[in-house]
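Chemist: There's a structure below that I have some questions on.
The values are calculated or read from the model by the stated rules, or taken from the named source; none is laboratory data. On a predicted model such as this, the values are computed, not experimentally measured, just so you know. Ideal geometry is used to build each Cβ from the backbone, glycine not excepted, and the neighbour counts take in all protein chains shown. To get the accessible areas, we keep the full protein, side chains included, count just its heavy atoms, and leave off ligands, DNA and RNA. Shrake-Rupley method; radii C 1.70, N 1.55, O 1.52, S 1.80 Å.
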Amino acid sequence: MMYRQIQLRKGKDESLRRFHPWVFSGAIQRMDEGIGEGEVVRVVTNSGDFIAVGHYQQGSIAVRVLTFNDVAIDDDFWLSRLRSALSMRLAIGIADNPQNNTYRLVHGEGDNLPGLVIDRYGSTVVMQAHSVGMHVCREEIAKAIVDVMNGEVENVYYKSETTLPFKADLNQENGFLIGGSKDNVALENGLKFHVDWLKGQKTGFFVDQRDNRSLLEHYAKGRSVLNMFCYTGGFSFYAMRGGAKLVHSVDSSAKAIDLTNANVELNFPGDERHKAYAEDAFKYLEAMGDQYDLIILDPPAFAKHKDALRNALRGYTKLNAKAFEKIKPGGILFTFSCSQAVNKDQFRMAVFTAAAQSGRSVRILHQLHQPADHPINIYHPEGEYLKGLVLYVE
Ligand code: SAH
């Protein structure tokens with residue numbers, strides 16, 4: 001292979017031998033001259049033996065490993081990685097369900113493609129690069145997607161304005177790499193929703209809550225539901241299908257409230273059980289009464305980095321304490337954290353502290369996590385990020 005090389009310091013190949021897919025900048029002994037942002041590099045041990053091929057980028061994670069084989073990163077490489085991602089989703093029944101055309105096709109390290117996220121919404125996929133290397137390869141990847149999806153995908157929308165490192169100064173604009181559909185209604189477990197891939201958060205919809213929404217549907221019958229941090233209303237329309245008595249959706253973003261109303265209308269036109277409010281969570285929780293017996297708390301990541309951890313845990317405690325204080329006896333609380341920096345024990349401790357402050361009897365019914373189309377590479381435990389608890393509050 002003609003790739004320029006990065007040589008590791010003595011002993012710094014150990015984590016790579018255990019297939020961890022990152023090389024930290026401190027592990028590097030020397031780099032060939034002229035290696036640029038996003039370039040494919042060959043990583044060798046201190047004694048010069050091959051160990052991995054990956055994307056180089058300035059910063060603390062210097063190389064994101066694409067393969068532990070000494071091969072070229074060419075069209076065949078992308079095709080084979082994408083095929084493997086699709087086969088897994090076919091094998092577990094996610095990618096061939098007529099009731100559900102929404103799922104994550106590629107989940108970064110979880111699919112041995114660090115820095116790349118691809119979500120599918122019907123005939124459109126939204127692709128997001130979190131590394132400069134994936135950005136550089138975006139055209140090849142887009143072509144490979146259409147190829148692998150065998151006619152089922154016609155549009156590839158690239159949405160990396162906010163996910164690429166600011167420093168890299170790529171001035172990347174969002175837009176279609178292939179196709180250009182405006183048809184943005186997709187299907188999750190038989191429920192319809194608009195995906196705002198042009199302006200929405202993430203890839204337009206929070207695909208990772210699919211299984212947890214299904215579980216909520218199961219508990220919704222006859223209950224008064226508060227969906228706090230509703231975004232596009234995912235939990236709300238599941239609660240309605242599950243037979244909720246009323247559903248109130250709350251989000252601080254007025255745009256999110258419009259999307260929620262539109263999605264509820266799409267599935268349950270004219271249904272009077274639903275109301276949505278653009279309000280701050282803490283204000284709403286403070287002012288509300290004790291009318292709810294099913295509450296969902298799915299806040300944005302409180303800790304984006306490790307150093308924000310302590311404040312984040314306090315935030316989770318404060319938020320959950322309000323729910324414990326107000327939820328009706330016999331109520332059910334679905335509470336989540338999507339901060340990767342907060343692990344499940346820390347999150348559980350924050351919720352435990354909130355429960356203890358309320359003095360109520362609380363039982364854990366379920367411990368939730370990200371769904372199977374957001375797999376965790378066993379060699380990369382950092383890939384675990386979504387956790388939730390379902391609690392029965394007496
Ligand atoms: N539960 C959603 C995803 C939630 S994302 C789903 O299933 O799709 C987090 C949401 O919290 C965002 O929509 C954001 O607008 C909202 N948000 C952030 N800060 C908030 C606050 N202080 N009060 C209310 N909503 C807030």
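Conditions (1) farther than 17 Å from Leu333 by Cβ; (2) touching a Lys or Arg at 6+ places or on another chain (Cβ under 6 Å), marked per residue:
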position	(1), (2)
Arg213	no, no
Tyr219	no, no
Thr232	yes, no
Ser236	no, no
Arg241	yes, no
Ala244	no, yes
His248	no, yes
Lys255	yes, no
Ala262	yes, no
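Chemist: Separate question: Taking Lys202 and the conditions (1) near the ligand (Cβ under 9 Å from one of its atoms); (2) more than 21 Å from Lys328 (Cα to Cα); (3) part of a helix (DSSP H, G or I), which numbered condition does it fall short on, given that it satisfies the others?
Modeler: Result: Lys202 fails condition (3) only.
Chemist: Same structure, new question: Being among the aliphatic types (A, V, I, L, M), within 20 Å of Met134 (Cα to Cα), out of contact with any helix residue (DSSP H, G or I) (no Cβ under 7 Å at 6 or more places or on another chain) and in contact (Cβ under 8 Å) with a residue 12 or more places away in the chain narrows it down to one of Ile35, Ile28, so name that one. Give the steps one after another, and end with the answer.
Modeler: Numbers: Ile28 fails: within 20 Å of Met134 (Cα to Cα).
From the options Ile35, Ile28, the qualifying one is Ile35.
Chemist: Tell me yes or no: at least one residue of region 195-208 is of a type in the set (Val, Ile, Thr), open to solvent by 60 Å² or more (accessible area, probe 1.4 Å) and at pLDDT below 95.
Modeler: No; the residues of region 195-208 include none that is of a type in the set (Val, Ile, Thr), open to solvent by 60 Å² or more (accessible area, probe 1.4 Å) and at pLDDT below 95.
Chemist: For residues that are in contact with a helix residue (DSSP H, G or I) (Cβ under 6 Å, 6 or more places away or on another chain) and open to solvent by 20 Å² or more (accessible area, probe 1.4 Å), scanning just region 258-272, find the one that is nearest to the ligand (Cβ to nearest atom).
Modeler: Asn267
Chemist: Which condition from (1) outside any helix (DSSP H, G or I); (2) modelled with pLDDT of 95 or more; (3) more than 30 Å from Ile332 (Cα to Cα) is the one that Gly180 breaks?
Modeler: Unmet for Gly180, out of (1) outside any helix (DSSP H, G or I); (2) modelled with pLDDT of 95 or more; (3) more than 30 Å from Ile332 (Cα to Cα): (2).
Chemist: Which of the residues belonging to region 333-372 are assigned to a helix (DSSP H, G or I) and open to solvent by less than 20 Å² (accessible area, probe 1.4 Å)?
Modeler: Those that are assigned to a helix (DSSP H, G or I) and open to solvent by less than 20 Å² (accessible area, probe 1.4 Å): Phe347, Ala350, Val351, Ala354, Ala355.
Chemist: Among Val146, Val117, which is the only one that is buried (at least 17 other Cβ atoms within 10 Å of the Cβ) and assigned to a strand (DSSP E or B)?
Modeler: Criteria check complete, one pass: Val117.
Chemist: OK, next. Can we say Asn189 is away from the ligand (no atom under 12 Å from the Cβ), at pLDDT 95 or above and surrounded by fewer than 20 Cβ atoms within 10 Å (Cβ to Cβ)?
Modeler: Taking the combined requirement at face value, the residue satisfies it.
Chemist: Tell me which residues, restricted to region 218-240, are farther than 18 Å from His366 by Cβ and either within 8 Å of the ligand (Cβ to nearest atom) or buried (at least 17 other Cβ atoms within 10 Å of the Cβ) (or both).
Modeler: Ser224, Leu226, Met228, Phe229, Cys230, Tyr231, Thr232, Gly233, Ser236, Phe237, Met240
Chemist: Working only within region 373-394, note down all residues that are surrounded by 15 or more Cβ atoms within 10 Å (Cβ to Cβ) and among the hydrophobic types (A, V, I, L, M, F, W, C).
Modeler: Result: Ile376, Leu386, Leu389, Val390, Leu391, Val393.
Chemist: Could you pull out the residue among Lys275, Lys245, Lys255 that is at negative phi, in contact with a Gly (Cβ under 9 Å, 6 or more places away or on another chain), open to solvent by 60 Å² or more (accessible area, probe 1.4 Å) and more than 12 Å from the ligand (Cβ to nearest atom)?
Modeler: Criteria check complete, one pass: Lys245.
Chemist: Moving on to the next point. Could you please find all residues in region 314-353 being among the basic types (Lys, Arg) and more than 16 Å from Ser224 (Cα to Cα)?
Modeler: Once the filter is applied, which keeps residues that are among the basic types (Lys, Arg) and more than 16 Å from Ser224 (Cα to Cα), region 314-353 yields Arg314, Lys318, Lys322, Lys344, Arg348.
Chemist: Please state which of the following conditions Lys304 fails to meet, knowing it meets all the rest: (1) within 14 Å of the ligand (Cβ to nearest atom); (2) open to solvent by less than 30 Å² (accessible area, probe 1.4 Å).
Modeler: All conditions pass for Lys304, except number (2).
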